[in-house]
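Worksheet: the structure to be examined is printed underneath.
The values are calculated or read from the model by the stated rules, or taken from the named source; none is laboratory data. Since we're looking at a predicted model, the values are computed, not measured. With ideal geometry, Cβ positions are generated from the backbone for all residues, glycine too; neighbour counts draw on all protein chains shown. Calculation scope for accessible area: heavy atoms of the full protein, side chains included, ligands and nucleic acids excluded. Shrake-Rupley method; radii C 1.70, N 1.55, O 1.52, S 1.80 Å.
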There are 2 protein chains.
Amino acid sequence: MTDITLARPAPAPGITEADTVLTGDRPTGPLHLGHYAGSLANRLRLQRLCRQFVLIADLQALTDNAADPGRVSRNVMEVALDHLAIGIDPARSHIALQSAMPELAELAMLYLNLVTVARLERNPTVRDEIRQRGFARDLPAGFLCYPVSQAADITAVAATLVPVGADQAPMLEQTVEVVRAVNRLAGDAVLPEPRILLSATPRLPGLDGQGKMGKSAGNAIDLRADADTVRAAIRRMYTDPGHVRAEDPGRVEGNVVFAYLDAFDPDPAGVAALKQRYRAGGLGDMAVKRRLEEVLNALLAPIRTRRAEFARAPDEVRAILRRGTEAARAEAARTLDAVRAAFGLVRP
Amino acid sequence: MTDITLARPAPAPGITEADTVLTGDRPTGPLHLGHYAGSLANRLRLQRLCRQFVLIADLQALTDNAADPGRVSRNVMEVALDHLAIGIDPARSHIALQSAMPELAELAMLYLNLVTVARLERNPTVRDEIRQRGFARDLPAGFLCYPVSQAADITAVAATLVPVGADQAPMLEQTVEVVRAVNRLAGDAVLPEPRILLSATPRLPGLDGQGKMGKSAGNAIDLRADADTVRAAIRRMYTDPGHVRAEDPGRVEGNVVFAYLDAFDPDPAGVAALKQRYRAGGLGDMAVKRRLEEVLNALLAPIRTRRAEFARAPDEVRAILRRGTEAARAEAARTLDAVRAAFGLVRP
């Protein structure tokens, strides 16, 4: 299987075969080009370097979707399909379903004893997200506690590397604190301290140039989008409102079409040349958009083909998810044994 | 096996064979006469009326003993022995170990999505206990969340009746709210709403007359205490400091010896006569204490014998705990299936 990766992959310093990566997504909608640029392409690279677990975090998705759980369950298989479609190889990456791993709940419940409420409330990521979601006094307890649940996910598979954006760095610090508390309790380094692998890719803007591409913002191109949908999306893509006629000079900064070319065009010299012509005047939006359409369809065409193949074999997809979950549970059982022992828990 | 019960059992209105009781203890020390009067005697009665689960709540004990987990693990078998010693019959009451039931952690993690942080902070029982334990900014998240964990315990075995003291009533309200939220989500009454069974027994005072008998207050008579220990404890028991000579009139109110006679003497008419003579003057403390010694040793002698028998067969005790835990897990698996379905969770 040919791996499909980003035009310009970030370097991966110090990653060895001995590393274990934990990464994943909340299944609240189909994955889109923003995910691809921000994390999925990276997963394709990482699976060649070391062991990787891709967690479909349905329980975490429930922490702010408890009122609409169907949104979560509907998207579990879609997210699995998205991963298989882009070339995540189950022989090298274990795709695991969070809610099918009881060990995660057991670990999280134990870890809650090692973290104070004040520390959770101080977590900058949680504070930002509480604000974004408009939670005030009606903050679900599960949402406040989700950094502890993430610590369970990460330690369960003994992950040593966690790829995240800079905004998620405080979450990993919380995990490191939990790891240290467990090791202190155990009197031994029973859990590895995970390192952060900061994403080098800037966030992909939405089609409208307003903020980042988002599942629910209606400004995304899904990985499963067909050619017509891609064309229509590119047609309405935000460029430079001051660039009315082709012969006018245009702005490249803040121009969504160029942001996407930067992220996905495998020919950076060609993109540089286009930018120069656009700035100087004499290059119409339509010409740049046609290039982007070529680039995106070249990226998405094999993804669509693979997705269609897997979609015709749902039993196989379920089996892949089952095997990935079993592999993750085998690791998690070892972690849980160590953590239970640290807490002095006995089995009758 | 002869059941040993309280001198004056409380009535049990409306309890039928269709009921399921959930009760239990935090294994942080040996059980004592205060537990016996407050809850254990009641368990002996309840096991004759309906199905009963006795949960050894080691995970809950960790929520405020994470710094000294050995205190919890050391006491798991002791608490099991205490129950068998008083006559809890494994054929009628399932003794289950909380930490050996992963379903409880899974339920608790799901329920955390149905309860707000504000609601937990408002829980009067939690507020009182936070104050008692001197938690301030260092409140462990697990402690704040423990009413949700209790909701998991109660619903796991589909308990319809939960015997608690009045101070614990807010905990049960929280469980009822969780049950209603799950049933709303499921669109059906998949979980029964538990009823509270308020304890009719006033709390037994400590030997020193200061507050209630407590595990760590040093003012308790443990159920496993031998006759010498009981005699010594009764000797230093608080009576009426104004009652110096036998011929002086004495006070019965606040007199610990009479409080214990009220709780444990099977001959209430005899106690009433003693009280009258004590008030009038002419009855010395030693005489009343001798009667209490008789009463307590009559209660504790068969408990000691049974305890010694079970202590000689630790494998049998472990097997009882294992079978009780399995029975509870079988119920819990059914509850978990229903709750997972309500949240739309799927197994791959």
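Restricting region A:101-118 to residues that are facing chain B (nearest Cβ under 7 Å) and closer than 20 Å to B:Pro348 by Cβ, which is surrounded by the most Cβ atoms within 10 Å (Cβ to Cβ)? Quick ask: steps written out before the conclusion?
We begin by selecting, within region A:101-118, every residue facing chain B (nearest Cβ under 7 Å); these are A:102, A:105-106, A:108-109, A:112-118.
Still in the list and also closer than 20 Å to B:Pro348 by Cβ: A:102, A:105-106.
Details: A:Pro102: 18, A:Ala105: 25, A:Glu106: 28.
Only one residue tops the list, namely A:Glu106.
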Show the residue pairs that are 6+ apart or on different chains and have beta-carbon atoms under 7 Å apart, the first residue being within region A:264-277 and of a type in the set (D, E, K, R), the second being not in a helix (DSSP H, G or I).
A:Asp265/A:Ala7; A:Lys275/A:Val252; A:Arg277/A:Leu283
Does at least one position in region A:186-197 carry a residue that is open to solvent by 60 Å² or more (accessible area, probe 1.4 Å) and assigned to a helix (DSSP H, G or I)?
no
Does any residue of region A:90-100 turn out to be modelled with pLDDT of 90 or more, more than 8 Å from chain B (Cβ to nearest Cβ) and out of contact with any strand residue (DSSP E or B) (no Cβ under 8 Å at 6 or more places or on another chain)?
yes
Filter region A:127-178 down to the residues that are farther than 18 Å from A:Ala108 by Cβ and part of a loop (DSSP other than H, G, I, E, B) and list them by number.
A:Gly134, A:Phe135, A:Ala136, A:Arg137, A:Asp138, A:Thr160, A:Gly165
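For region B:46-75, enumerate the residues that are in contact (Cβ under 8 Å) with a residue 60 or more places away in the chain and either within 12 Å of chain A (Cβ to nearest Cβ) or touching a Pro at 6+ places or on another chain (Cβ under 8 Å) (or both). First the steps, then the outcome.
Kept after step one, since they are in contact (Cβ under 8 Å) with a residue 60 or more places away in the chain, are these residues of region B:46-75: B:46, B:50, B:53-57, B:59-60, B:62-64, B:66.
Answer for region B:46-75, where residues must be in contact (Cβ under 8 Å) with a residue 60 or more places away in the chain and either within 12 Å of chain A (Cβ to nearest Cβ) or touching a Pro at 6+ places or on another chain (Cβ under 8 Å) (or both): B:Leu46, B:Ile56, B:Ala57, B:Leu59, B:Gln60, B:Leu62, B:Thr63, B:Asp64, B:Ala66.
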State yes or no: is A:Arg290 loosely packed, with under 14 Cβ neighbours inside 10 Å and more than 30 Å from A:Asn113 (Cβ to Cβ)?
yes
Extreme residue, most open to solvent (accessible area, probe 1.4 Å), among residues of region B:76-89 that are aliphatic (A, V, I, L, M) and more than 8 Å from every other protein chain (Cβ to nearest Cβ)
B:Met77
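Residues that are in contact with a His (Cβ under 6 Å, 6 or more places away or on another chain) and on the phi < 0 side of the Ramachandran plot: does region A:277-290 have at least one?
Taking region A:277-290 and keeping what is in contact with a His (Cβ under 6 Å, 6 or more places away or on another chain), we get none.
No, region A:277-290 has no match at all.
Take the residues of region B:302-317 that are without any contact (Cβ under 8 Å) to a residue 60 or more places away in the chain and out of contact with any helix residue (DSSP H, G or I) (no Cβ under 8 Å at 6 or more places or on another chain): which is farthest from the other protein chains (Cβ to nearest Cβ)?
Taking region B:302-317 first, the residues without any contact (Cβ under 8 Å) to a residue 60 or more places away in the chain are B:305, B:308-309, B:312-313, B:315-316.
Then keep just the ones that are out of contact with any helix residue (DSSP H, G or I) (no Cβ under 8 Å at 6 or more places or on another chain); that gives B:305, B:308-309, B:312-313, B:315.
Working: B:Thr305: 24, B:Ala308: 21, B:Glu309: 19, B:Arg312: 18, B:Ala313: 14, B:Asp315: 11 Å.
Among residues in region B:302-317 that are without any contact (Cβ under 8 Å) to a residue 60 or more places away in the chain and out of contact with any helix residue (DSSP H, G or I) (no Cβ under 8 Å at 6 or more places or on another chain), the one farthest from the other protein chains (Cβ to nearest Cβ) is B:Thr305.
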Tally up the residues in region B:212-247 that are modelled with pLDDT under 90, in a loop (DSSP other than H, G, I, E, B) and under 26 Å from B:Ala85 (Cβ atoms), please.
7
For region A:163-177, how many residues meet the condition of being in contact (Cβ under 8 Å) with a residue 60 or more places away in the chain and either closer than 22 Å to B:Pro69 by Cα or surrounded by 17 or more Cβ atoms within 10 Å (Cβ to Cβ) (or both)?
2
Where the second residue is of a type in the set (Ser, Thr, Tyr) and the first is open to solvent by 40 Å² or more (accessible area, probe 1.4 Å) and lies in region B:212-229, which pairs have Cβ atoms under 8 Å and are six or more apart or on separate chains?
B:Lys215/B:Thr28; B:Ser216/B:Thr28; B:Asp222/B:Thr229
Might you let me know whether region B:317-333 holds any residue that is open to solvent by less than 10 Å² (accessible area, probe 1.4 Å), in a helix (DSSP H, G or I), within 30 Å of B:Asp262 (Cα to Cα) and not aromatic (Phe, Trp, Tyr)?
no
Of the residues in region B:30-70 that are open to solvent by 10 Å² or more (accessible area, probe 1.4 Å) and within 22 Å of B:Asp262 (Cβ to Cβ), the one that is modelled with the lowest pLDDT is B:Gly38
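Let's see how each residue does on (1) farther than 21 Å from A:Ala66 by Cα; (2) away from every other protein chain (no Cβ under 14 Å):
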position	(1), (2)
B:Asp138	yes, no
B:Ser149	no, no
B:Leu161	yes, yes
B:Val179	no, yes
B:Ala186	no, no
B:Ser199	yes, yes
B:Met213	yes, yes
Condition test on A:Leu97, is it among the aliphatic types (A, V, I, L, M), under 26 Å from A:Tyr260 (Cβ atoms) and crowded, with 24+ Cβ neighbours inside 10 Å?
no
Mind counting the residues in region A:308-348 that are more than 23 Å from the chain's Cα centre (by Cα) and within 26 Å of A:Tyr111 (Cβ to Cβ)?
17
Answer yes if at least one residue in region B:326-340 is modelled with pLDDT of 95 or more, within 11 Å of chain A (Cβ to nearest Cβ) and over 29 Å from B:Leu185 (Cα atoms), and no otherwise.
no
Scan (1) over 19 Å from A:Arg224 (Cα atoms); (2) assigned to a helix (DSSP H, G or I); (3) open to solvent by 40 Å² or more (accessible area, probe 1.4 Å) for the single condition A:Leu274 breaks and write down its number.
(3)
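Criterion first (among the acidic types (Asp, Glu) and either more than 13 Å from chain B (Cβ to nearest Cβ) or touching a residue at least 60 places away in the same chain (Cβ under 8 Å) (or both)) does A:Glu121 satisfy it? Steps first, please.
On the way: among the acidic types (Asp, Glu): yes; either more than 13 Å from chain B (Cβ to nearest Cβ) or touching a residue at least 60 places away in the same chain (Cβ under 8 Å) (or both): no.
No; evaluated as a whole, the condition is false for this residue.
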Conditions (1) in contact (Cβ under 8 Å) with a residue 40 or more places away in the chain; (2) in contact with a Gly (Cβ under 8 Å, 6 or more places away or on another chain); number of the one not met by A:Gly281:
(1)
